[in-house]
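Peer 1: Please read through the structure below; I'll follow up with questions.
Read the figures in this text as sums done on the coordinates, not as results from a lab. None of the values given here were measured: they were computed from a predicted structure. Positions of Cβ are generated from backbone atoms using ideal geometry, with glycine treated the same way; all protein chains shown enter the neighbour counts.
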Amino acid sequence: MKLILLGPPGVGKGTQANRLKTYFNILHFSTGHILREEVKSESEIGRKAQIYLDGGKLVPDSILLEMMAQRLSQKDCMPGYLLDGFPRTIPQAEGLNQILDQIQHNLNAVVSLTADEEELINRLVLRGIDSGRSDDTPEIILRRQKIYWDQTAPLINYYQKSGLVKEVNGIGEIPEITERIIKVLK
Ligand code: ADP
């Protein structure tokens, strides 16, 4: 099972991804998490990415594409994976298509998790109180939402053209939402 999980910040992608990876026994790649680890370990990617992460801005497409091309071509990816936070722009989606062509992988679906904006901002402000993430302050939360609507939401339309999109309501109890996702994938 090879999946993309799409949705605005705060919709619960990470939470659902963790449950889905167990259910389908696949890898979970959260590019936000990978990038934060790179920053912590002061790697070259981390040094390049830090100013964007701290400012709630998108890290340049070229960095993401290089990082994911390397990761996805490793053998352990063959059975399946869930991409969470990538692609986030049309150029990243186009780059991902090329990568997948090269390694002969096919996507099974793009799950689009939805929620209204007010609910999202409430959730993120609450998370910011105890997440310790440098980008969970109210101002940066709003910026990340705007970037999502401007640059990432167009991917839904992009993937709709290949008939891959499955829309799932992201409001409700956590297990209930997981069940909705599993159901649309069957
Ligand atoms: P959230 O889903 O809550 O916005 P993430 O953990 O997915 O948080 O991402 C946090 C930050 O990591 C983003 O604001 C951005 O700076 C960086 N990032 C993650 N994935 C990408 C990507 N595909 N392209 C560019 N930047 C990214």
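Peer 1: Placing +1 on the Cβ of each Lys and Arg and -1 on the Cβ of each Asp and Glu in the range 2-185, which of Leu164, Gly32, Ile45 has its Cα farthest towards the positive end of the resulting dipole?
Peer 2: Leu164
Peer 1: Count the lysine pairs in the chain whose Cα atoms sit under 17 Å apart, keeping only pairs 8 or more residues apart in sequence or on different chains.
Peer 2: So the count works out to 16.
Peer 1: Could you work out the per residue convex hull volume over the alpha carbons of the range 2-185, in cubic angstrom?
Peer 2: Values: hull volume 21.1 nm³, N = 184.
Considering the Cα atoms of the range 2-185, their hull volume per residue is 115 Å³.
Peer 1: Continuing with this model, one more query. List the GluC sites (Glu not before Pro) in the range 12-61 that DSSP assigns to loop (not H, G, I, E or B) and whose Cβ has at most 16 other Cβ atoms within 10 Å. Which are they?
Peer 2: Loop-located and lightly packed - Glu42.
Peer 1: Also, I was wondering about something else. Can you find, among Leu124, Gly56, Ser73, the residue sitting farthest towards the positive end of the charge dipole of the range 1-150, where Lys and Arg contribute +1 and Asp and Glu -1 at Cβ?
Peer 2: Highest projection toward the positive end goes to Ser73.
Peer 1: Where the only charges are on Cβ atoms (+1 Lys, Arg; -1 Asp, Glu), what is the dipole of the range 93-163 about its Cα centre, to the nearest 20 debye?
Peer 2: It comes to approximately 120 debye.
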